[in-house]
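The values are calculated or read from the model by the stated rules, or taken from the named source; none is laboratory data. Since we're looking at a predicted model, the values are computed, not measured. Because the Cβ atoms are built from the backbone with ideal geometry, glycine has one as well, and the counts that use them run over all protein chains shown.
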Amino acid sequence: MANFPTHIGIGTLTSGMLATLTLAADVVAPENLVAVTVAGVLGSVLPDIDLKDSRPSKALFSGLAAFFSFASLFILAGKLSIAELWIVALATFLGVRYVAHWIFHQMSYHRGIYHSILAAIFFAFLTAAIYKWPLGRHEGVAWLAAAFMFFGYMTHLVLDEIYSVDVMDTRIKASFGTAVKLVDLHKPWHSVAMAVAVAAAFMVTPPTKTFVDGVSSKALWAGLQSRLLPHDKWFGIIGPIPSRRAEAVRQADAVSEPVAPALPAPATEIQPLPAPAAPKE
């Protein structure tokens, strides 16, 4: 299994490369580019949420605890005193951070359902819903963030699978095949619960029309193809190395002069016929 620095490093690199393509395709405003890239980086470490003492698990539950703590303050601000609000906020934070964290890990195990493609789809749908409704982003941006999340999530799974192969000793570790899987066959009820969560998350996702129309646009792919490689020189210094035949053709074209097309011969004037002679008497 790859460690946390490896996952965060590779996740940031791949999300940055995907962001470069997105920027070149001109499908998202620059101010939204950071937001969708963050989704990709988060997805690259999220599968380790089922590892009890992992940094992603602690960070995620700490973030959720802070979110629900502030939410309780805003909901109860006009109903309770300041002292009561402080107690409710503190109790909410501790409950989510430690109690919910403990319950979650009693019901899950590492490389279970959260190391599956089904979980990647769930978090992608959840990302689209969060970006659209609580964060108020455009539906196209929301689905782009979902795509970044899915890509980052799958990067984590594939990287863990690669680390299951010991290249130096030419052997396959026992963990091979546990990182990338569609569902968790060892715990079927976990897979059923995740499938229900996927369906529920999809019900609250924004419309996909804007995103699908943008991704399937011929102009987008034509623009990416034209910008994929430099037209003249790499970095403005290194130019393409032409073949001998191409160079010979280029020199021949530079030396030869264009030949003017032949003009048609001018038409001759038609002389009038002589008048007939008058008949003799």
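Of the residues that make up the range 31-49, is at least one outside any helix (DSSP H, G or I) and buried (at least 20 other Cβ atoms within 10 Å of the Cβ)? Before the answer, list the steps.
Of all residues in the range 31-49, those outside any helix (DSSP H, G or I) come to 44-45.
With buried (at least 20 other Cβ atoms within 10 Å of the Cβ) added as a condition, the list becomes 44-45.
Scanning the range 31-49 turns up at least one residue that is outside any helix (DSSP H, G or I) and buried (at least 20 other Cβ atoms within 10 Å of the Cβ).
For the range 179-204, give me each residue that is outside any helix (DSSP H, G or I) and in contact (Cβ under 8 Å) with a residue 12 or more places away in the chain.
First pass over the range 179-204, keeping only residues outside any helix (DSSP H, G or I): 179-187, 204.
Result: A179, V180, K181, L182, V183, D184, H186, K187, V204.
Residue by residue, here is whether (1) in contact with a strand residue (DSSP E or B) (Cβ under 9 Å, 6 or more places away or on another chain); (2) under 30 Å from A179 (Cα atoms); (3) modelled with pLDDT of 90 or more; (4) β-branched (V, I, T) holds:
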{"residue": "M1", "(1), (2), (3), (4)": "no, yes, no, no"}
{"residue": "G16", "(1), (2), (3), (4)": "no, yes, yes, no"}
{"residue": "A19", "(1), (2), (3), (4)": "no, yes, yes, no"}
{"residue": "T22", "(1), (2), (3), (4)": "no, yes, no, yes"}
{"residue": "A29", "(1), (2), (3), (4)": "no, no, no, no"}
{"residue": "D50", "(1), (2), (3), (4)": "no, yes, no, no"}
{"residue": "S62", "(1), (2), (3), (4)": "no, yes, yes, no"}
{"residue": "L90", "(1), (2), (3), (4)": "no, no, yes, no"}
{"residue": "V96", "(1), (2), (3), (4)": "no, yes, yes, yes"}
Residue that is part of a loop (DSSP other than H, G, I, E, B) and under 17 Å from the mean Cα position of the chain (by Cα), where the choices are R137, R111: R137
